[in-house]
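Heads up, the thing below is written out as structure tokens.
Where a number appears in this text, it was derived from the coordinates with a stated rule and is not lab data. In this text the structure is predicted, and so the values were computed from the model without any measurement. Heads up, the Cβs are rebuilt from the backbone with ideal geometry, glycines too, and the neighbour counts pull from every protein chain shown.
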Amino acid sequence: MTLKDQNYVFESVTMAVSALGMSTEQSGRIFLALREMLSKNVLTSQELVRQWGNALPGAVTRAAKAFGKSQEEFKKALQTGSIRGKELYKWLVEYARLLREDFEPAAREGAESLQGSLKKMQDAVELLYLEIGKGDGFYKLTDSINSITCGKLST
């Protein structure tokens with residue numbers, strides 16, 4: 001599997017995890033399953049159904065679609081362990097493409113929402129600095145912080 005394909009798969013899975021707002025534990029299971037697939041060099045029902053299927057909505061249906069054959073053919077290939085090597089890599093890249101198709105809009109919306117929130121926070125902090133800076137407010141704040149950190153709180 002090329003480095004470019006590895007990055008594509010990783011970014012796609014990350015995008016889906018982000019779009020779904022998964023906890024650290026849930027996303028850890030997703031990436032553990034991915035790591036196990038790659039280290040074993042075979043797609044098994046354990047990683048797909050138990051780990052991805054429980055966390056990613058539509059994981060099994062998407063997996064069969066990425067395989068490019070019927071559900072029955074996919075199940076048989078999964079049971080016999082025939083999705084391995086280059087076939088596994090090809091499947092992962094297609095699965096990643098389908099993840100992007102399904103989750104990219106929500107991930108993009110979430111990122112834009114976060115950026116908007118961060119911008120609002122930045123604006124509020126800048127306004128706070130301006131207010132503190134009026135008159136001698138900044139110096140009083142600085143003196144208070146220095147007093148607290150030196151253990152000498154003066155009134």
For region 3-115, inverting the pair-averaged 1/r of distinct alpha-carbon atoms gives a Kirkwood value in Å of 14.2
Only residues of region 63-78 count here: report those whose backbone N is under 16 Å from the spot 7 Å along Cα→Cβ of Val49, or say none. 63-65, 71-78
Residue-by-residue Karplus 3J(HN,Hα) for region 69-85, coefficients 6.51, -1.76, 1.60, Hz, glycine and proline x: 9, 5, 4, 5, 5, 5, 4, 5, 5, 5, 5, 8, x, 8, 8, 8, x
Using the Karplus curve 6.51 cos²θ - 1.76 cosθ + 1.60 with θ = phi - 60°, work out ³J(HN,Hα) for each residue of region 7-15 in order, rounded to whole Hz, and write x for Gly and Pro. 4, 4, 5, 4, 5, 5, 5, 4, 4
Going by Cα centres, region 46-110 and region 18-35 are how many Å apart? 15
When Thr44, Thr61, Thr24 are arranged by how many other beta-carbons sit within 10 Å of their Cβ, fewest first, they go Thr24, Thr61, Thr44
Using a basic spin-label model with each label point 7 Å from the Cα along Cα→Cβ, how many nm lie between Asn7 and Thr61? 3.3
Under 18 Å from the Met22 label point (7 Å along Cα→beta-carbon), backbone N, region 28-50: 28-40, 43-50
On a 19 Å Cα-Cα criterion, which of the cross-link pairs Lys40/Lys65; Lys4/Lys75; Lys4/Lys76; Lys4/Lys86; Lys40/Lys90 come out too long? Lys40/Lys65; Lys4/Lys75; Lys4/Lys76
How do Val93, Val17 rank when sorted from fewest to most other Cβ atoms within 10 Å of their own Cβ? Val93, Val17
